[in-house]
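*Asks:* Here it is, the structure in full.
Values in this text are rule-based calculations from the coordinates and carry no lab data. Bear in mind that the values here come from a model prediction, so they are computed numbers and not experimental data. Neighbour counts are summed over all protein chains in view; Cβ atoms, including those assigned to glycine, are modelled from backbone coordinates with ideal geometry.
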Amino acid sequence: MSVMTQHAPREAREMGGFAGGIAALAAGQLYALQNPFALDGRVSSYPGSARGHSVANSYLLTQSDAAMLIDTGFGKDEATIRAQIEQLIAPGLPLSLFPLRLNEFMSINNVETFAGHFNVETCYTSNIDAALWFDFGAKAEGRDILESMKVTTVTRSDVIRLGQQDRVVDVMQAPIRLIATRWLYDRATRTLFSSDLFTHVWRDAETGPWIVTDADNDPTSTRDIRSFMLNTRYWWLEGAPTDSIRRGIGNVFDTYDVETIAPGYGCILRGRNVIERHYRMLDEFLKSCDKSVMVSRYVTRDEER
């Protein structure tokens, strides 16, 4: 069971129910910083007809001597996320940042603010000129912060060592993507950070719950995944060469022992049975879209399938 809290002390406490806040996925090692938002047709990451709520996820990997924040969240949540981080790490602790999607505010919006507030040791990206990507809305002093921030570029297949305790995080190019995207795998907690894939579970209420576990009666179907994928950024999959995409995703799950899928937004998937079921449904959908059985065509956002 995950540990969840709205206002966590230095050690998060166990609670039932969750309306956003800090979810301890592995106490002392991995925390989800979750902030709900309404689905009202204006959020392009979801189908235009989607209603209810989803959640933006940032993830904090912690060690006694270092921490890493994966995605920095929406600007509207900056003060909340900053406070969440402050509850979990000691003042002055070296913090690295890793925004997985350089093109999206949900991933990069608070890089400048956090770089100015925390002891940011480096920012991992796939692009050496990252400061040019992070200055949306920045004031003059913000641009100075970004220009002085150390940037560490990663390749399409790389390894990050967090702190001095040999905590290893594997970096990979996302096997399915519309924009430049990295996935990460944390060996210590067996967590796959899947960025903008496996983001297809949202809720009716703002209170969630925001983690799907083996104990839940999860109603998600292959049809649900198909509708989500074809009515969002992956509309182009119908008629695409999806066999190669399937092999890429399959290779990730063949290579890594995944116990938690931690997407950039939407519900976290927890437990081997949950992960196996959602992976198989996604694979079934991708198989049905391959160019060998479907014809590609342009689809506007107003046309839902």
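*Asks:* With only alpha-carbon atoms in the gyration tensor, what are the semi-axes of the equivalent ellipsoid for the range 180-293, in Å, largest first?
*Replies:* 22, 18, 13
*Asks:* Give me the net charge for the shell around R51: Cβ to Cβ below 15 angstrom, other residues only, Lys and Arg +1, Asp and Glu -1.
*Replies:* With Lys, Arg at +1 and Asp, Glu at -1, the neighbours total -3.
*Asks:* Moving to a separate point now. Expressed as a fraction of 2.2 N^0.38 Å, the rule-of-thumb size for a compact globular protein of N residues, what is the C-alpha radius of gyration of the range 102-249?
*Replies:* That works out to 1.23 for the range 102-249.
*Asks:* Of L95, Q84, I160, which is farthest on the positive side of the dipole of the range 66-172, counting Cα position, with +1 on Lys and Arg Cβ, -1 on Asp and Glu Cβ, and the Cα centre as origin?
*Replies:* The residue sitting farthest along the positive end of the dipole is I160.
*Asks:* Taking the Cα centre of the range 14-117 as the origin, how large is its charge dipole in debye, to the nearest 20, when only Lys and Arg (+1) and Asp and Glu (-1) carry charge on their Cβ atoms?
*Replies:* 260 debye
*Asks:* Can you tell me the FRET efficiency between T207 and A27 if r is taken as the Cβ-Cβ distance and R0 is 25 Å, rounded to the nearest 0.05?
*Replies:* About 0.65, to the nearest 0.05.
*Asks:* Next question, about the same structure. If you place +1 on the Cβ of every Lys and Arg, -1 on the Cβ of every Asp and Glu, and leave all else neutral, what size is the dipole of the range 109-234 about its Cα centre, to the nearest 20 Debye?
*Replies:* Dipole magnitude for the range 109-234 comes out near 400 debye.
*Asks:* What is the log10 of I(q)/I(0) for the chain, computed with the Debye formula using one identical point scatterer on each Cα and no solvent, at q = 0.12, 0.15, 0.16 Å⁻¹?
*Replies:* -0.77, -1.24, -1.41
*Asks:* For the chain, with only Lys/Arg (+1) and Asp/Glu (-1) charged at the beta-carbon, what is the dipole magnitude about the Cα centre, in debye rounded to 20?
*Replies:* I would put it at about 520 debye.
*Asks:* Helix by helix, which DSSP H runs in the chain go 18 Å or more along their axis at the Cα atoms and have an average Kyte-Doolittle hydropathy of -0.5 or more?
*Replies:* Qualifying helices, which must be both long enough and hydrophobic enough, are 242-255.
*Asks:* Among T125, N35, H200, whose Cα lies farthest out toward the positive end of the dipole of the chain, if unit charges sit on the beta carbon of Lys, Arg (+1) and Asp, Glu (-1)?
*Replies:* So the residue furthest toward the plus end is H200.
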